[in-house]
Each structure stands twice: as structure tokens, then as C-alpha cells.
Amino acid sequence: MQDGVVSAAAHHAFEVDEVLARAVRDTGAHIGAVYLLADDGQVLLMETETGLPAQIVKPWTRVRVSAGVPVSASVRERRLVWVPGYQELAHRYPATAIALPYPFAAVATPIQSNGDVWGSLVLMWPPSHPPDLAPHERDTIDYATRRLGDLMEQATRGGRPPRSGDEPRVLTPPWAGVPDVHHALASAGYLDRLRDGCVGLDLDGRLTFVGAGAAGLLGEDLTGKLGEPLWEAAAWLKDPLFEDRCRAAAVSQEATSCLVRGPAGRPLHISLHPDPSGLSLYITEAAADRSARRRDAPGAGSVSLPRADVFYNLLHLAAALSRTLDVQEIVDMVADHVMPVFDAQALAIMVAEGGRLKVVGSHGYDPGVPEHFNRRRLTSASPSQDVLRTGEPAFLSDADELRRKYPRAEVRDGMAAWAFLPLRTSETVAGVCLVSFDEPYAFTDETRASLTAMAGLIAQALDRALLYDAKDRLAHTLQTSLLPRRLPRIDGLDVAARYVPATRGVEIGGDFYDLIRLGDTKAAAIIGDVQGHNVTAAALMGQVRTAIHAYAAGGASPGNVLKLTNRLLMDLDPDLFTSCLLIYFDLRLRTLWAASAGHPPPLLRPPGQPAEVIDVPAGILLGVQADAEYPTVQVPFPPGAVLALYTDGLVETPGVDLGQAIGELAEHFGRAAGEPVHELSDTLLNHAPHTSQRVDDIALLLVEHRAPAG
């Protein structure tokens, strides 16, 4: 029985491979792959592929369905995704263009049957492919995806998993033809008579042929190392630039070339000529004048490819932008990683807002220049308007081209060339990235594609940053609205309150405070902290503050107020806990009463004495235990005494004992005797732990019993 299951699985895999091989052959594609959904439906796993070098395959064997790549988009959107060239790839899928910076055309289309999506079929062609799929190519693709869908459904009905293994199967591209022995011998003789180096590689870079003239150039005879990777047989060729050119030739199927330094220090020129089965290298000693050429100059007839420094800087930029939530930081990262590569002098990021452009970040301009762009109306006479309307970039090589295309445009920034790049987010062009040059600039195909890919990365980061800014403003507006706008004026008391939010990026907190008038000579002070940093915590903070205010105004004692509030929270079942400290003042009796629900103890500085920590019994946090009790402690509060209530953000530091930190705050409090409470609040806040990322809010409430005149 087990043999039968294995045989059925092997037959299923064979049929899948046959469908892929036929689709590649009948469409003229040189690369093909079948992806299938993992069991969780969140990841696409490569099942089988042909034509891809091993060093390119590995990063693409697992692709998240949510990723911004064509194969994922085809599954998410259940439609055929056609990318006719690298420029379009950079425009729509910038992360893919950076990870695979070579020219090609590609299609990804979902594998479906009876409404179920099983995965996606991917095919790739050289960039010389026409801008549209031919009817016979579409027919072949439709047949292949239907057949693959049927195979997946049959496998599932038969109790077999559609996927056959953890690693993708690799199909060997078929030879175009097999030469007869006489032709093979004549070909070998022809190559051996050449004094230049002729080397053959398969798609994975393994040696398949070494001409006699190669030994002198490569520094050793490699004929005995057939089957080994070239960069292992000749270790000095393990050069990132050379490996990149090999990948470029294999993916684009276009000739390319590079200059490398040989084992004896001589510059060598290597031309790479691909076909679906491998690469042919033609190696010559570079002339002195050729060694000064750009190292990645393309071969005859090929399209110029992005330089290695552009590629690696864009990779660094992509990694850096994934972590930032600040618009100016985005601008600074682009300035650091990309502008020097293109010799750009200035950068501005603008968003459309209310029919006008708004500059949200800039670099390299004199201070007055961004203001010139800022708040300008969007008119058809400007490049920015065209970019926002069409979603297509505008490259203006010099002032003459600017005047010719936009005779009424005003770009008075002192620059000589401009790239206006669309910032596309979620199928909407939200803004424009302006890259400026101080001299006329020839925008080559690879420069245009690289700048377009960069703009795509900026757009994604900008979308996150602007969304974060909006959420951050909303959250802190909510929090501020839940805190008292002003505290009541109570005869005999001087009061100061301060609230300091956590560092930007930590979200909203639940710290709160309040002062309640209970009579002519009576008042209550509250301070508390709801667990968590989110809108739920802030909303619960408002409920707790309102409940305490109501129960205290009703005449309940401090302990009973906390007890009633705790029962209310248990009924609400918010899944969040709250610490709280409640203090009643009787100025006529010169006494205070305090009750605590797990909150840091208050500090009291009697007149003419050191500050001390009031030992208030710490009851259980509110919202934990329905029948919790909260004992009350009574302490003298004479005229001239100052009481400090605070939340843990003022004293907590990782690795420091909390009791020790409270004691140090009390000493600092005592040394500031004589300061008015408003100045004292700044003094105590300056004592708070200073870190680059403060993870908690701080609430501080100071209450002084003002001595009567005389």
C-alpha cells in the first residue's frame, strides 16, 4: 500500500513537471516555476522550476501571499499579472525590482479549479518580448493553469497532499539539438585554436567546457575540474560583480560583460553569452584603455543594466526604510544611501493635500526653496500635476527639455535636471518625489528604472509614516481629551499637574490624574495608570476617572471608592488592570486620608523637614479580584506641606530596584524645598530616567497646603 502511495505521488509530480515544461516550450519562455499554497494559506512554496540558477532560486522558494511580488499578487487578486519589462516591474513592484535587478518580462497567473486557488504559474522571457502577450501564449497559459488546477484537485480527492516535498524540483532545460560527433570534434578544434579563453558553464555556474587558450588567462588548467563551480575551481573569480553578471545573463538571456582582475593582476574582459541551458564565456586580456571602462559595461546589443553600487545601496535603503516611521528620517536615508550614487544634489517629498502640494520633507535645498514648492496649486502646467494624474514619472534632462514640455512651469530651485517620481500607495498616487541635479543629466534606462524602484520604496515607507502620524495624533488627542482641561481652584491649596507622553512610537498610554472639590475645606486627588499602551487603555482610563469622581462626590471614603470602582471594572471585564492612588484632604483638620490599589506610594514633604515616603497599604490592582478591600491610612497634612503623586514612568528604570528609585526621588524632592509647585514639577520631571526610547507615560500631581496669611 505504501509503495502505491509513493508511486501515485511520483506520478503526480511527473505530470506537474510535464505541464510546466510544455508551457515553457510552447510560449518560448526561458524560465518557469509552479508555486503552491502552503497549508496555512499564507505562504507560496515553489514546487518545481526550470531555467533559474541555484543562487537565484533559494530566496524565492518561499514567498508570503501578502508580499509585493507578482506571484503573490496573482493569488491575492485571482487574476493574471503581466509585467512587460523592468521599468514596469520597478514601478509596480519595487521590492522585487531591487531583489532581481535584471531586465525580463514575466507573467504570474493563479492556478484554480472550481473556485479554489491552489497556487500560481510563473513564466519569464527576455526583455525583447513584445509588450503584450500573444494569443497563443495566453491560450497556452490558460490550458496550463487549468490542467494544474485539475491535478491539484485530483491529488486532494485521492488523499494525497498536492505538494510532494520540501525542496523544489529542478527541471533540466532540453537541448535544442544534439550535434553529430564530427561536428562536435570540429567545434572543439575550432575553440582550441583560439588564443583567447573559451569557457562553458551550466546554469548553476559549473564548468562544462574549457578551451585550451583559457589556461594562460585563468592562471591554471581547469580541464580536470569539469563539473565544479567556476568560482571554486578559480577562487579569484569569486567576485560579487562577476557573479552578478552571471545572474544577469541567465535571467535576462541577453549578452553582458564585465572587467575583472586576473590572478596575475592583469585586467581581463569577460563576455557572457547565455541560452536556457547555460553560459558561454569569452575571456580576453583587456587593453589598457579598456580597463578604464565601467566595470559592468553591457555587451554589444544588450540593454545597460543597473550598476552594482546602485543595486547594493537600494538593498540597504529597502532594509532601512522598513523600520522607519518618520518622514524626515525617510528623506535622510535616501540622501545617505542613494543620492551620492546618482550624483543628485537635492531631494523633496511632496504630498497632495487639498488641491495643493505640501512638502513633507527635503534634503539639499536652501531653506527658501521647499517653501517655494510648498502649498502651490496643482495645475496642468506642472510636471508634478502630470505625475499625480498619470502615475508616470517625468525625467527632464535639462532646462531646455523642461521649457519644451512645460512652458508655463516654474521650477526656480537653481537646478539643471529633474526627476519627478510618483509615490504610489495602494493603487493611488499620493505624492511626488523630486530628485534634482545641478548639471544636465542623461537618464539612461537603468537610471530611470532604479529611480522608479526607489520611489516605490519611499512610497511604501511614506504610507506607513503618514498613517502612523495620523494614528499618533488621534490617539494623543483622545488621551488629552480624557484628562481634565484644568483643575479646580480650591482655597488653601496650590496645585500643579503635568503629563508627559511616552516617546513617539510607543502608542497611547493610560496614565491619569484629577482633583475633586468635596466641600469648602475638603478635596480629593487621584492618580492612576491603566495597564497597556493603546486606545483601549485610554478609554478605560476615562471610565475609571469618571467612576472615582462620581463615587467620591457621593461621600464614600477613599477605601470604599476604590472598592466600588473595582466592582464596576469587574462587571465591565476589560481584561486590563489599573493602579490607582486616592487621597482625601481636610484642610480644617489639617489631615489627609489615602488608599491605594497597587500604585506607587505618595511622597510628603512636611514644612522644614525632609521628604518621606507615605506607607500606604497597597491593595490589589483594580479589575483583578471582585471582593478586594482597600485599607485607608491617615496622615497629618499641615500648612506648608507638599504632597507628590506620580506614576511609575517617573521612577522606573530597567535594572534598578523600584524602592531604591522612589527613595532617590524623595531625596530629590526634599532638596527642592521652597520652590513653587509649578517650578517643582519641572524639577521632579528632570529627575525622570532619560532614555532615547521612553516606554511609559508620566503623570505628576503636586498638592501644597498653603499656609493662611499671618
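The values are calculated or read from the model by the stated rules, or taken from the named source; none is laboratory data. Owing to the predicted nature of the structure, the values given are computational and were not obtained by experimental measurement. Every residue, glycine as well, gets a Cβ built from its backbone with ideal geometry; the counts of neighbours run over all protein chains shown. Remember, those area values only see protein heavy atoms, side chains included, never the ligands or the DNA or RNA. Shrake-Rupley method; radii C 1.70, N 1.55, O 1.52, S 1.80 Å.
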Leaving out ligands, DNA and RNA but keeping every protein chain, what accessible area does residue 271 have, in Å² rounded to the nearest 10, with a 1.4 Å probe?
20 Å²
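Rolling a 1.4 angstrom probe over the protein heavy atoms, how many square angstrom per residue are accessible across segment 47-169?
On the way: 5190 Å² over 123 residues.
About 42 Å² of surface per residue is accessible.
For 58, 563, 405, what's the largest-to-smallest order of accessible area, 1.4 Å probe?
Details: 58 160, 563 45, 405 110 Å².
Ranking 58, 563, 405 by accessible area, largest first, yields 58, 405, 563.
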For labels at residue 78 and residue 536 in the simple 7 Å Cα→Cβ model, what's the distance in nm?
3.2 nm
Net charge near residue 71: determine it from the other residues with C-beta under 14 Å of the C-beta of residue 71, scoring Lys and Arg +1 and Asp and Glu -1.
+3
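What order do 337, 273, 363, 91 take when sorted by accessible area (1.4 Å probe), most exposed first? Kindly include the intermediate steps, with their values, before the conclusion.
Numbers: 337 50, 273 95, 363 70, 91 25 Å².
Most to least solvent-accessible, the answer reads 273, 363, 337, 91.
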Extension gain, residue 381 back to residue 550 (0.36 nm per residue minus Cα-Cα distance, nm):
54.6 nm
I'd like the Karplus ³J(HN,Hα) series for segment 69-83: coefficients 6.51, -1.76, 1.60, θ = phi - 60°, whole numbers in Hz, and an x wherever there's a Gly or Pro.
10, x, 5, 6, 4, 5, 6, 4, 9, 6, 8, 6, 10, 10, 10
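How much length is gained on full extension from residue 238 to residue 26, taking 0.36 nm per residue of separation minus their Cα-Cα distance?
72.7 nm
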Using only Cα atoms, locate the centre of segment 383-397 and the centre of segment 200-246, then give the distance between them in Å, rounded to an integer.
46 Å
For residue 416, other-chain or 5+-apart residues with amide H closer than 5 Å (H placed, Pro excluded) are 437, 438, 439
Can you sort 593, 418 by solvent-accessible area, 1.4 Å probe, largest first?
593, 418
Which distance in Å, rounded to a whole number, links the C-alpha centroids of segment 554-618 and segment 64-82?
57 Å
Accessible surface of segment 1-64 [probe 1.4 Å, protein heavy atoms]: carbon and sulfur percent
55 percent
With all protein chains present, segment 186-251 has a carbon and sulfur share of its accessible area (1.4 Å probe) in percent of 52 percent
Roughly how many Å² is the accessible area per residue of segment 587-706, as a whole number, for a 1.4 Å probe?
46 Å²
Convert each backbone phi in segment 84-89 into a coupling constant with the Karplus relation 6.51 cos²θ - 1.76 cosθ + 1.60 (shift: θ = phi - 60°), then list the ³J(HN,Hα) values in order as whole Hz, x for Gly and Pro.
x, x, 5, 4, 5, 4
Residues meeting the amide H criterion for residue 104 (H placed from the backbone, H to H distance under 5 Å, 5 or more places apart or on another chain) are 86
Enumerate the calculated ³J(HN,Hα) couplings along segment 541-550 in order (Karplus 6.51 cos²θ - 1.76 cosθ + 1.60, θ = phi - 60°), each rounded to whole Hz, writing x wherever the residue is Gly or Pro.
4, x, 5, 5, 4, 5, 5, 4, 4, 5
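What is the sum of charges around residue 529, taking Lys and Arg as +1, Asp and Glu as -1, for the other residues whose C-beta is under 12 Å from the C-beta of residue 529?
On the way: positive: 545; negative: 511, 648, 652, 696, 697.
Combined, the nearby Lys, Arg, Asp and Glu give -4.
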Cut-off under 5 Å, modelled amide H: who pairs with residue 48 long-range
34, 169
